[in-house]
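Working notes for the structure below.
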Amino acid sequence: MEITVANHPLIAHKVTLLRDINTTSSQFRQLVEELVTLLTFEATKSLATEEIEVETPLTKTTGTRLAKPTPLIIPILRAGLGMLSGITKLLPDAEVGFLGIKRNEETLQPETYANRLPDDLTGRQVILIDPMLATGGTLNDSLDYAFERGARSATCICLLGAPEGVDAVSKHVVDKWPDKQVSIHLAALDQKLNDIGYIVPGLGDAGDRLYGTSGD
Ligand code: URA
C-alpha cells in the first residue's frame, strides 16, 4: 500500500488554518474544498487513461482522456460530503456513490447506516474521501464494501491521519486485499490518537466544524 503525505507550502498553510479553533465554519468549508482539490491532483496521477484522436484548428493529433468507466467517488458521510465539491472540480464526470458510516463513540467501532454504492464495481477505480483517518475502522469497512463489489483499486484522500489509523489500514489491506492497489493521500500525518479516538493535534470533530454544529 502506498502512503503519500503532502509536502507543499500551500497545503501546510491551509492545514494550519484548518486546525485553528478560531477558524469559522464557512472558512473551514472553503479550506477543505481547496485542500481536497490540491490533494486530488497528486492522488489521481495513476488514473487509467486512453488515447483519443482530437482535431485542433490546425490538424488532427493524438490526445489523452480518462478511461471509461470514470472513477467512482465515494464520500463517507457525514464529513466526507464536505470534500465532494473539491474533488468534482477536477473530476466533473465522475460518478458518486455514498457510504454513511458513523463511529460508535463508546466502542469506537464503525457502524454503517447508509450504503448507496452500485452493486457491481467490477474493474472500477474508486476514490474514497473522508477528512479524518483516525482508528482506520471506517476506511477498512469502506474498502471492504468497494472490493467485495469488485473494485480494482482504491485511492483514499484524507486530510489528517493518525499513525495508528495508517497502520490499521495497511495491515487490513495486506491481510484481506493483498492483490488490490490501495493508496492513501494525506495533507498531514499527525502525532497520535487520544483515548477517545481523536487525532492529536488534529482539528477536532471534522463534521461539527464543517457544519457548524459545535456552535460557530
Ligand atoms: N473524527 C473526527 O472528526 N476527528 C477526529 O479527530 C477523529 C475522528
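The values are calculated or read from the model by the stated rules, or taken from the named source; none is laboratory data. This structure is a prediction, so every number in the text was calculated from the model and none was measured. When we count neighbours, we look across all protein chains shown, and the Cβ atoms used for this are built from the backbone with ideal geometry, even at glycine. Ligands, DNA and RNA are stripped out before the accessible areas are found, and what is left, the full protein with its side chains, is counted by its heavy atoms. Shrake-Rupley method; radii C 1.70, N 1.55, O 1.52, S 1.80 Å.
For the chain, find the longest principal axis of its Cα atoms and tell me its angle to the long axis of helix 25-43, 0 to 90°, nearest 10.
Rounded to the nearest ten degrees, it is 50.
Can you tell me how the range 26-91 classifies by the Cα gyration tensor, rounded, prolate or oblate, using a/c under 1.5 as the rounded cut?
Cα axes put the range 26-91 in the prolate bin.
Rank Gly137, Ile101, Thr61 by how far each Cα sits towards the positive end of the charge dipole of the chain (+1 on Lys, Arg Cβ; -1 on Asp, Glu Cβ) and give me just the farthest.
Going by the charge dipole, the pick is Thr61.
Output the peptides 40-49, 1-10, 128-137, 55-64 sorted from most to least packed, where packing is the average of other Cβ atoms within 10 Å over each peptide's residues. Don't jump to the answer; show the numbers that get you there.
Numbers: 40-49: 15.3, 1-10: 12.8, 128-137: 24.8, 55-64: 8.4.
Packing order, densest peptide first, comes out as 128-137, 40-49, 1-10, 55-64.
About the Cα centre of the chain, how large is the charge dipole given +1 on each Lys and Arg Cβ and -1 on each Asp and Glu Cβ? Please answer in debye to the nearest 20.
320 debye
Only helical DSSP H runs with n ≥ 4 go in: add -39500 (n - 2.57) per run for the chain, normalise by residue count and round the 222 nm mean residue ellipticity to 500 deg cm²/dmol.
Calculated from helices alone, the mean residue ellipticity at 222 nm is -9500 deg cm²/dmol.
Where does helix 9-19 land angle-wise versus the long Cα axis of the chain, in degrees 0 to 90, nearest 10?
40 degrees
What is the dipole size for the range 103-212, taken about its Cα centre, with +1 at each Lys and Arg Cβ and -1 at each Asp and Glu Cβ, in debye to the nearest 20? Each step should come with its number before you reach the end.
Values: 10 positive and 17 negative charges, 90 e Å.
About 440 debye.
Out of all DSSP beta bridges with both ends in the chain, state the antiparallel percent to the nearest 5.
35 percent
Tell me, what % of the accessible area of the chain is carbon and sulfur with a 1.4 angstrom probe? Don't skip to the answer; put the middle values down first.
Values: 5580 of 10970 Å².
The computed percentage sits at 51.
Keeping all protein chains in place, calculate the accessible area per residue for the range 57-103 (probe 1.4 angstrom), answer in Å².
Per residue, the range 57-103 has an accessible area of 51 Å².
Plugging the Kirkwood radius over Cα pairs into Stokes-Einstein for the chain, at a temperature of 10 °C and a viscosity of 1.306 mPa s, what D comes out in µm²/s?
Taking Rh from Cα pairs, D becomes 89 µm²/s.
Taking the chain as the reference, fit the longest principal axis to its C-alpha atoms, fit the long axis of helix 137-148 to the helix C-alpha atoms, and give the angle between the two in degrees, 0 to 90, nearest 10.
The helix 137-148 is inclined about 30 degrees to the chain.
Which of the lysines could a cross-linker span from Lys171 if the Cα-Cα distance has to be under 17 Å and same-chain partners fewer than 8 positions apart are dropped?
Hits, sequence-local ones excluded: Lys180.
Based on Cα coordinates alone, diagonalise the gyration tensor for the range 104-176, multiply each eigenvalue by 5, take square roots, and list the semi-axes in whole Å, largest first.
20, 14, 11
Of Lys45/Lys89; Lys68/Lys89; Lys14/Lys176; Lys14/Lys68; Lys89/Lys192, which ones are farther than 25 Å apart at the Cα?
Exceeds cut-off: Lys14/Lys176; Lys14/Lys68; Lys89/Lys192.
On the Cα set of the range 52-171, report Rg and Dmax in Å, please.
16.9, 65
In square angstrom, what is the accessible area per residue of the range 106-216 with a 1.4 angstrom probe?
Values: 4880 Å² over 111 residues.
Spelled out: the 1.4 Å probe surface of the range 106-216, per residue, equals 44 Å².
Among Ala146, Ala114, Ala188, which one moves the most in a GNM of the chain with springs linking Cα atoms closer than 10 Å?
Greatest mean-square fluctuation among the candidates belongs to Ala114.
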